[in-house]
Amino acid sequence: MSTPRRAVIVIDVQNEYVTGDLPIEYPDVQTSLANIGRAIDAARAARIPVVVVQNLTPPGAPIFARGSDGAELHPVVASRERDHFIEKALPSAFTNTDLADWLAARDIDTLTVVGYMTHNCDASTINHALHMGLAVEFLHDATGSVPYENSAGFASAEEIHRVLSVVLQSRFAAVASTQQWIAAVESGGQLERGSIYASNQKARARAVA
């Protein structure tokens, strides 16, 4: 197998998720922030391009309002160099942006996703990338989720993050830790990928056992 032509996309690492009104609860936000920084540093050392994404909503909105402190990029990202910047208003970083053209112009075939949130903008971007023919990597300890409760029920941040990670590994992305990804980058290798069939067979075997 050939060495992946990677780009790292750093999605919505903004104050809102750390000190604002949408605090990441799982994994621990300080852990994910540290790993996001490690991933960016490893990418730069390996000459892998880094794309930074910022989500903005209209002034006065309850979260990510343009001009608010919560909407600002967190220092872990703001203090580091980047190769491209994207502003977005919808979950997928591809929608109404130049991301697809930017990646294509650089012959990128693998998108490494870090940032927030696992189940929302990360998952939307990953699904979009898959449908465009890109391979995707998702660093599960450089991301995170919040809990939800609505008319459909309640789910903790840990449940959301864990279940989405399993689902993503079954078809949409190679899910790995930041350390596993750094090792793959340094070796020129690829991360393990799953499939729907293999994931289901393994689960069914557990039930029988």
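Quick note: the coordinates plus some simple rules give every number you see, no bench work behind them. This structure is a prediction, so every number in the text was calculated from the model and none was measured. All Cβ positions, even for glycine, are placed from backbone atoms using ideal geometry, and neighbour counts span all protein chains on display.
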Being under 21 Å from residue 38 (Cβ atoms) and under 15 Å from the mean Cα position of the chain (by Cα), is that true of even one residue in segment 144-154? yes
Taking the conditions exactly as written (surrounded by 15 or more Cβ atoms within 10 Å (Cβ to Cβ), small (Gly, Ala, Ser), more than 18 Å from residue 32 (Cα to Cα) and in contact with a Gly (Cβ under 9 Å, 6 or more places away or on another chain)), does residue 199 satisfy them or not? no
Here is a check on your reading of the model: is residue 120 in contact with a Phe, Trp or Tyr (Cβ under 9 Å, 6 or more places away or on another chain), polar (S, T, N, Q) and not in a strand (DSSP E or B)? no
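Among the residues of segment 8-57, how many are among the acidic types (Asp, Glu), in a helix (DSSP H, G or I) and under 20 Å from residue 148 (Cβ atoms)? Reasoning before the result, please.
Narrowing segment 8-57 to residues among the acidic types (Asp, Glu): 12, 16, 21, 25, 28, 41.
Adding the requirement that they be in a helix (DSSP H, G or I) leaves 16, 41.
Add one more test, that the residue is under 20 Å from residue 148 (Cβ atoms), and what stays is 16.
Summing the residues that are among the acidic types (Asp, Glu), in a helix (DSSP H, G or I) and under 20 Å from residue 148 (Cβ atoms) in segment 8-57 gives 1.
Confirm whether residue 61 is surrounded by fewer than 15 Cβ atoms within 10 Å (Cβ to Cβ), over 15 Å from the mean Cα position of the chain (by Cα), part of a loop (DSSP other than H, G, I, E, B) and not β-branched (Val, Ile, Thr).
Values: surrounded by fewer than 15 Cβ atoms within 10 Å (Cβ to Cβ): yes; over 15 Å from the mean Cα position of the chain (by Cα): yes; part of a loop (DSSP other than H, G, I, E, B): yes; not β-branched (Val, Ile, Thr): yes.
In short, yes.
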Residues located in segment 135-178, provided they are assigned to a helix (DSSP H, G or I), touching an Asp or Glu at 6+ places or on another chain (Cβ under 9 Å) and free of Cβ contacts under 8 Å to residues at least 24 places away in the same chain: none
